[in-house]
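K.L.:
First the structure, which I've put down as structure tokens, then a few questions once you've had a look.
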Amino acid sequence: AWGWGLQGGSRLWVLEAPRSLCAHACAQTGAGMFTPVSPGRPKDYALPNASWSRDMLDLYDRFLAMTKEGLWKRIPSYNNVLDHIPGKALRGLPSRKKDTRLFLRSIEAEGVGFEYVMFLNSSEKRVVCLFQPGSYLEGHPGFAHGGSIATIIDSTIGSCAIFVAGRVMTANLSINYMSPVPLGSVVLVDSKVDKVEGRKVFLSCKVQSVDGGTLHAEATGKDRVQVAQGVCKRVGVGLC
Ligand SMILES: CCCCCCCCCCCCCCCC(=O)SCCNC(=O)CCNC(=O)[C@H](O)C(C)(C)COP(=O)(O)OP(=O)(O)OC[C@H]1O[C@@H](n2cnc3c(N)ncnc32)[C@H](O)[C@@H]1OP(=O)(O)O
């Protein structure tokens, strides 16, 4: 169940959302597929569509097969993070604004924005994201904008930190770009939690080509498991 244990010094509040929360948030059914807990069924964008390349489909099939062994789970992807949270746990969270969308899902048309699906390996504290950057993410002609790479890295490490430690905010993200990512290509964004020190979660992430032959980028991140008191009061979590 989704429970809040508040501890905190003078300024900070640590929201200890039990790990079971995330597992609870997406009850797994069938072959590694998640079904959303919230009433109604928001569109799950992390499923194959006509824009996915052969590489993306093959990689997806490979990871989906691994979910059958139970170590990997597919993370559904809705266009609003609140859709990932079980109904009763939404209490105290900012109410959903009808015109907000998760940045990565802000381009509705298939194949031109962020085409991606994430898989979680809880025991390895790892989230791997299969990412196919679309044509609207262009930076240098023909290549993905560095900000789009930073976005998919931030979201992958953010999801990893959420599943390992609960609600987080990214405190620091450092990226080395080694090789540009061609638009329409498929890359593996492989993130893991390296250590947790109190409220700080340290993560690392590599962006590699499907054949592992090209390291496009590598990053380190520091996330923070906490909600600033102000935000806590604003959303009236009630336990502040
Ligand atoms: C429920 C299931 C859902 C699952 C399915 C989800 C699917 C869909 C998910 C999509 C996932 C999206 C993930 C997006 C992730 C974002 O984009 S978050 C947005 C970007 N980040 C922000 O806006 C954060 C802005 N910054 C802040 O709010 C505050 O600075 C922070 C980061 C919360 C830290 O504030 P604070 O807690 O007050 O920390 P502070 O007291 O200043 O420092 C505490 C410690 O942290 C260290 N620290 C603080 N800041 C830094 C820093 N920048 N660098 C290094 N050290 C730092 C300090 O040195 C200090 O260390 P110690 O002295 O304790 O050793």
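The values are calculated or read from the model by the stated rules, or taken from the named source; none is laboratory data. Everything numeric in this text was worked out from a predicted model, so none of it was measured. Quick reminder, even Gly has a Cβ in these numbers, built from the backbone with ideal geometry, and neighbours come from all protein chains shown. Heavy atoms of the whole protein, side chains included, go into the accessibility calculation; ligands, DNA and RNA do not. Shrake-Rupley method; radii C 1.70, N 1.55, O 1.52, S 1.80 Å.
K.L.:
Being within 19 Å of the chain's Cα centre (by Cα) and of a type outside the set (Asp, Glu) is the filter here, so list the residues in region 123-143 that pass it.
P.N.:
Within region 123-143, Ser123, Lys125, Arg126, Val127, Val128, Cys129, Leu130, Phe131, Gln132, Pro133, Gly134, Leu137 meet the criteria.
K.L.:
Look through region 71-105, keep the residues that are more than 10 Å from the ligand (Cβ to nearest atom) and modelled with pLDDT of 95 or more, and return whichever of them is least open to solvent (accessible area, probe 1.4 Å).
P.N.:
Arg74
K.L.:
Which one is nearest to Ser209 (Cα to Cα) among residues in region 144-154 that are over 11 Å from the mean Cα position of the chain (by Cα) and assigned to a helix (DSSP H, G or I)?
P.N.:
Filtering first and then ranking leaves Ile149.
K.L.:
Taking only region 106-128 into account, find how many residues are open to solvent by 70 Å² or more (accessible area, probe 1.4 Å), among the charged types (D, E, K, R) and farther than 14 Å from Gly184 by Cα.
P.N.:
Total meeting the criteria: 3.
K.L.:
Looking at Gly147, is it closer than 18 Å to His216 by Cα and surrounded by fewer than 17 Cβ atoms within 10 Å (Cβ to Cβ)?
P.N.:
yes
K.L.:
Ok, one more. Which strands (runs of 3 or more DSSP E) does region 169-228 wholly contain that include 3 or more residues that are crowded, with 18+ Cβ neighbours inside 10 Å?
P.N.:
187-197, 200-209, 215-224
K.L.:
For region 159-185, how many residues are on the phi > 0 side of the Ramachandran plot and at pLDDT 95 or above?
P.N.:
So the count comes out to 1.
K.L.:
Which residue pairs have Cβ atoms closer than 6 Å, lie 6 or more positions apart in sequence or on different chains, and pair a first residue in region 191-208 that is of a type in the set (Gly, Ala, Ser) with a second residue that is open to solvent by 60 Å² or more (accessible area, probe 1.4 Å) and within 15 Å of the ligand (Cβ to nearest atom)?
P.N.:
Ser204/Asp194; Ser204/Thr220
K.L.:
Take the conditions within 28 Å of Ser185 (Cβ to Cβ), in contact with a helix residue (DSSP H, G or I) (Cβ under 7 Å, 6 or more places away or on another chain) and open to solvent by 70 Å² or more (accessible area, probe 1.4 Å) and apply them to Phe131. Does it pass?
P.N.:
The answer is no for Phe131.
K.L.:
Looking at region 15-70, which of its residues are modelled with pLDDT under 50 and more than 16 Å from the ligand (Cβ to nearest atom)?
P.N.:
Hits for region 15-70 are Thr29, Gly30, Ala31.
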